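Here is the structure we will look at.
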Amino acid sequence: MMDESSVLDGVFEQFLRNPPMFRDREVLRHDYLPERLPHRENQMRCLGEMLAPVLRGARASNIFIYGKTGTGKTAVVKYVLGQLSKKANESSLPLKVCYVNCRMAGTEYRVLSSLCDSLDASVPFTGLSLGEVFDRFKSGLDTRQLLLVAVLDEIDALIKTRGDILLYELTRINEALSHSKASLVGISNDLRFKEFLDPRVLSSLSEEEIVFRPYDATELQDILNDRANNAFYSDVSVDGAVRLCAALAAAEHGDARRALDLLRVAGELAERESTKLITEEHVRKAERRIEHDRVFEVLEHLPSHSKLVVCCTYILSKVNAQHAITGDIYEVYRELCGQCGMTPLTQRRVSGLINELDALGLLNTRVISMGRYGRTKKIGLGIASNLVRDVFISDNRIGQLMNYVPACIAKAPPKKK
Ligand code: ADP
Ligand code: MG
């Protein structure tokens, strides 16, 4: 028998023997900023025009940008701000650009503290009130005599969970500045975001607006071809794959990120087979792989009670091929809670969790009429049961429950066929 290290040696040797496909893999990653952004010329020009007053030392209008994910908002804003900074540098203007992703920052405090960081006005991780941090930001900004352009990306994520107080303060900041000027660029992936905002905040944030429409399949093809030319060596053939990636991503919601993911994974699969032809079959495989990874990730990060509900559905699907009803799930759920020392939620809450899991595609539910007995819900897994098993088996709490036979089922008479 070969030991593991010699097996691995073989793998590595094989990899190195194959002629390389990727000139630069990074080019297909989300955060890579390409030199060209085809089909976004209008948005770039608009944004450039709106920000240009900064080059004469004036305050630019606040700008609100929205469009679905993967429509190039982040890329365009970073690109335009990069160019603006360059221009400002040439004439030694005191322009400061700072970019914060609000979803990653997570809290208003952290958004503000990263704004402070970019001014080198550092604040402690905790210990100050939001108001105090805001005051430091304001005075830090004013003493430095800057033209500030602050980008708040994925701002919808912050507002939905935390409200719009910070945004309210930020949109009014110029009233308190005498030596500096600040403009805001807010970016939202959620088109309904405006409904969450106080009308006063909305009107000052969106002095100007830019909308990013989804890409269609031909546009996505152009984008992918550009990226593929830099990512792969010229003897790698990608045309069929690019067409399919573009078509699949266009059919979803014109998401360039999705298209890039498909192409990158398809390329990696082809690489493993040491072929220089990336086929439609590779793209189909990539699609399944990505979906598998997505579900894996979602399952792994569910809150404990939701995990238990999925686990119950899994257990019930093993003992009874038919779909379970809400009552069954709840009974098994209570037992499992007992098994792992968790306090069960009410049936109403569990019904709510079932609806959420349905929306995530992890469960399938269907309301059926029981005639004069009213209506009930049939519930089954929305994903392969071995996937559920693979994820949960290594979970501290739930792993041991995967083979559990619930007492309520053991007691029940066998179901008639
Ligand atoms: P959004 O911020 O709207 O969700 P991104 O700007 O992050 O979208 O774009 C997603 C991915 O697609 C990034 O890798 C980006 O470089 C790429 N991308 C988007 N639009 C274009 C374009 N017009 N040309 C080239 N790449 C693009
Ligand atoms: Mg973005």
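The values are calculated or read from the model by the stated rules, or taken from the named source; none is laboratory data. For clarity, every value in this text was computed on a predicted model and none was experimentally measured. As a convention, Cβ positions derive from the backbone with ideal geometry for all residues, glycine included, and neighbour counts pool all protein chains shown. Side chains included, ligands, DNA and RNA excluded: accessible areas come from the protein's heavy atoms. Shrake-Rupley method; radii C 1.70, N 1.55, O 1.52, S 1.80 Å.
Think of region 183-256 as having a plus end and a minus end, set by charges on the Cβ of Lys, Arg, Asp and Glu; of 217, 238, 189, 189 sits farthest toward the positive end of this dipole.
Between the residues 370, 345, 401, the greatest Cα displacement towards the positive end of the dipole of region 319-404, with unit charges on the Cβ of Lys, Arg, Asp and Glu, is found for 370. Taking Cα atoms only, the orientation of helix 280-300 departs from the longest principal axis of the chain by about 80 degrees.
For chymotrypsin sites (Phe, Trp or Tyr not before Pro), the sites in region 70-137 that DSSP calls loop and that have at most 16 other Cβ atoms within 10 Å are 125. What is the antiparallel percent of DSSP beta bridges lying wholly in the chain, to the nearest 5? The antiparallel fraction comes to roughly 30 percent. The modelled label-to-label distance between residue 5 and residue 285, using points 7 Å beyond Cα along the C-beta direction, is 3.1 nm.
Averaging Cα coordinates gives a centre for region 227-281 and one for region 299-325; these two points are 35 Å apart. Surface composition of the chain: carbon plus sulfur atoms contribute 50% of the solvent-accessible area (1.4 Å probe, protein chains only, all chains present). In order along region 168-181, the Karplus-derived 3J(HN,Hα) couplings, from 6.51 cos²θ - 1.76 cosθ + 1.60 at θ = phi - 60°, round to 4, 5, 5, 5, 9, 4, 4, 4, 9, 9, 10, 10, 10, 10 Hz, and Gly and Pro are given as x.
Heavy atoms only, 1.4 Å probe, whole protein assembly: order 194, 318 by accessible area, highest first. Don't jump to the answer; show the numbers that get you there.
Working: 194 65, 318 105 Å².
From most accessible down to least: 318, 194.
In the chain, the longest principal axis of the Cα atoms and the axis of helix 256-272 are about 60 degrees apart. Annotation for residue 30 and residue 304: the two label points, set 7 Å from Cα along the Cα-Cβ direction, are 2.9 nm apart.
Kindly provide the chymotrypsin sites (Phe, Trp or Tyr not before Pro) of region 1-77 that DSSP labels as loop, not H, G, I, E or B, and whose Cβ sees at most 15 other Cβ atoms within 10 Å.
On the way: sites: 12, 15, 22, 32, 64, 66; in loops: 32.
In loop regions of region 1-77 (DSSP not H, G, I, E or B), the sparsely surrounded chymotrypsin sites (Phe, Trp or Tyr not before Pro) are 32.
Classify the chain as rounded, prolate or oblate from the Cα gyration tensor: take a ≥ b ≥ c as the square roots of its eigenvalues, call it rounded if a/c is under 1.5, otherwise prolate when a/b beats b/c and oblate if not. Because a/c hits 1.5 or more and a/b fails to exceed b/c, the chain counts as oblate. Tell me, how many Å apart are the Cα centres for region 331-396 and for region 183-198? A separation of 35 Å, based on Cα centres. With 0.36 nm allotted per residue and the present C-alpha distance subtracted, the residue 257-residue 61 stretch has 67.6 nm of extension available. Helical runs assigned H by DSSP (4 residues or longer) give the chain a calculated mean residue ellipticity at 222 nm of -16500 deg cm²/dmol, each run adding -39500 (n - 2.57) before division by the residue total.
For the chain, a simple Cβ point-charge model (Lys and Arg +1, Asp and Glu -1, everything else neutral) yields a dipole of about 1580 debye relative to the Cα centre.
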